[in-house]
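Chemist: Shown below is the structure under consideration.
The values are calculated or read from the model by the stated rules, or taken from the named source; none is laboratory data. Just so it is clear, the structure is predicted and the values come from calculations on it, not from any experiment. FYI the Cβ positions are ideal-geometry reconstructions off the backbone, even for glycines, and counts take in every protein chain you see.
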Amino acid sequence: MHNPVLVTGAFGQVGKRVTEILLSRGRTVVATDLRTDAAAAVAWDPAGAGELHTVFADLLDREAIAELVGEHRPAAIVHLAAMFSPASYRNPRLARRINVGGTENLVRAARALPEPPMLLFASSAAVYGSRNPHRYPERITPDTPVAPIDQYGEDKVLAENVIAGSGLPYALLRLGGVLSPDTTAGINRDHLVLIRATPGDNRLHAVDARDVATAFANGVDRRDTIAGKVLLIGGDDSYLHTHRDVEDAMFDAVGLGRLGPGASLPGDPADDGGWAFTGWFDTTESQALLDFQQHSWPDTVAWVAAAQPRFRRAALRLAGPLLRPVLRTALAVQRRVERRGPYADPWTLIAARYGPSVLAGGVPADSA
């Protein structure tokens, strides 16, 4: 019998799917997350002989995490829990405590075990910061230097450093733009700010949430081959798009239809700081080791479309020809009110909206 696998953030879009995969393979899973209404609404669909233990715990509670890890003695930890951007922009100090301090608490508890568990960490393309495709047309590799431009990317770099220096066996999985039906369901005003801020021609390497879950689940069983590695988790080459293409595909999937190039500003080819993440990943090594790319871009778009309420999608299809011009006009007016120039300049807009502490270096290093 295998020791359990501990999954943090187990009720999120990746966590609930990796938990189900592990259960289907007969693994015992300790699923932990904050106790929230959203977590309570998750309906598990465990097919297989696995055993599920649900434990609600706060990563900031050092004693609770030590007790959780000490009691279950996991063979592997899939660490997905985090405060993500753009929510993190509203409280970057709290995000630093969760993303870095919470990781320190988990690592401290894991190091106290007699048999050190494998720690698989969900990092992000945000560690690479602003990626100007005109200056850096090559794909990102595991050896590409990190250069976070925002607080969230900096949090991920700091958390990676905690893990890499822990003495535990580990793998750092840096994720591209994860997509699922949960993505469109969870869009709020903060997400809309991020969408408007991002250059339309910004490269975005998307990936299906089901494939991300497969990468983590396979990583649990491949400790010896991935230990110590940085692995880039993006979809196959059908997922190489621009931000505008991905956004329009999602709008089309929900029924609204594509807004087209006029809905976004371009990035400035001469400004290395005027772009958002992500670039496009070289996934050759990660795919060879984790064998996770099971879906194509049309599969993901169809999955999102099929999950939409039929009536709402049909209503948007009918109203789309009227709504799209209105939205394009509203976006153009908003850009004029904000006095934005010919280029997107995303971090100026984001810092003006949330304050300078959302940028890298804006939160003191000891805030965790």
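Chemist: From the residues in the stretch 208-231 that are part of a strand (DSSP E or B) and of a type in the set (A, V, I, L, M, F, W, C), which one is surrounded by the most Cβ atoms within 10 Å (Cβ to Cβ)?
Modeler: Leu231
Chemist: Output the residue which, of all residues in the stretch 186-207 that are without any contact (Cβ under 8 Å) to a residue 60 or more places away in the chain and assigned to a helix (DSSP H, G or I), is surrounded by the fewest Cβ atoms within 10 Å (Cβ to Cβ).
Modeler: Arg189
Chemist: Tell me yes or no: at least one residue of the stretch 239-250 is more than 17 Å from Ile195 (Cα to Cα) and touching a residue at least 24 places away in the same chain (Cβ under 8 Å). Outline the logic, then answer.
Modeler: Filtering the stretch 239-250 down to residues more than 17 Å from Ile195 (Cα to Cα) leaves 239-240.
Going one step further and asking which of them are touching a residue at least 24 places away in the same chain (Cβ under 8 Å), we end up with 239-240.
Within the stretch 239-250 (the criterion being more than 17 Å from Ile195 (Cα to Cα) and touching a residue at least 24 places away in the same chain (Cβ under 8 Å)), the answer is yes, since at least one residue qualifies.
Chemist: Which one of Gly257, Gly262 is in a loop (DSSP other than H, G, I, E, B) and either within 30 Å of Arg93 (Cβ to Cβ) or more than 21 Å from the chain's Cα centre (by Cα) (or both)? Write out each step before concluding.
Modeler: On the way: Gly262 fails: in a loop (DSSP other than H, G, I, E, B).
After ruling out the rest, the residue left standing is Gly257.
Chemist: Any chance the stretch 101-112 includes a residue that's of a type outside the set (A, V, I, L, M, F, W, C) and under 19 Å from Arg223 (Cβ atoms)? Give the steps one after another, and end with the answer.
Modeler: As a first pass, look at the stretch 101-112 and keep what is of a type outside the set (A, V, I, L, M, F, W, C): 101-105, 108, 111.
Filter once more, so that each one left must be under 19 Å from Arg223 (Cβ atoms): 111.
Within the stretch 101-112, one or more residues are of a type outside the set (A, V, I, L, M, F, W, C) and under 19 Å from Arg223 (Cβ atoms).
Chemist: Here's a follow-up. How many residues are in a loop (DSSP other than H, G, I, E, B), out of contact with any strand residue (DSSP E or B) (no Cβ under 6 Å at 6 or more places or on another chain) and not small (Gly, Ala, Ser) when one looks only at the stretch 140-155? So that I can check it myself, show each step before the final result.
Modeler: Step one: of the stretch 140-155, the residues in a loop (DSSP other than H, G, I, E, B) are 141-149.
Narrowing the set further to residues that are out of contact with any strand residue (DSSP E or B) (no Cβ under 6 Å at 6 or more places or on another chain) leaves 141, 143-149.
Add one more test, that the residue is not small (Gly, Ala, Ser), and what stays is 141, 143-146, 148-149.
Going through the stretch 140-155 one residue at a time, the tally reaches 7.
Chemist: Now a separate question. Can you give me the ranges of the helices (runs of 4 or more DSSP H) entirely in the stretch 60-122 with at least 2 residues that are within 20 Å of the chain's Cα centre (by Cα) and at pLDDT 95 or above? Break it down stepwise before answering.
Modeler: On the way: elements: 62-72, 87-90, 92-96, 102-111.
So the answer is 92-96, 102-111.
Chemist: Which members of the stretch 159-185 meet the condition of being part of a loop (DSSP other than H, G, I, E, B) and under 13 Å from Gly228 (Cβ atoms)?
Modeler: At the first step, the residues of the stretch 159-185 found to be part of a loop (DSSP other than H, G, I, E, B) are 165-169, 176, 180.
Matches in the stretch 159-185: Gly165, Ser166, Gly167, Leu168, Pro169.
Chemist: Return yes when Asp268 is of a type outside the set (Val, Ile, Thr), part of a loop (DSSP other than H, G, I, E, B) and either in contact with a Cys (Cβ under 8 Å, 6 or more places away or on another chain) or modelled with pLDDT of 95 or more (or both) and no when it is not.
Modeler: So Asp268 passes the test.
Chemist: If I filter the stretch 226-247 down to residues being in contact with a helix residue (DSSP H, G or I) (Cβ under 6 Å, 6 or more places away or on another chain) and β-branched (Val, Ile, Thr), which single residue comes out as farthest from Leu175 (Cα to Cα)?
Modeler: Ile226
Chemist: Do we have Thr184 as over 22 Å from Arg244 (Cα atoms) and of a type in the set (S, T, N, Q) here?
Modeler: Judged against the criteria, Thr184 is not a match.
Chemist: Report yes if Leu349 is under 30 Å from Glu104 (Cβ atoms), part of a helix (DSSP H, G or I) and touching a residue at least 60 places away in the same chain (Cβ under 8 Å), otherwise no. Before you say what the answer is, go through the steps one by one.
Modeler: Details: under 30 Å from Glu104 (Cβ atoms): no; part of a helix (DSSP H, G or I): yes; touching a residue at least 60 places away in the same chain (Cβ under 8 Å): yes.
No.
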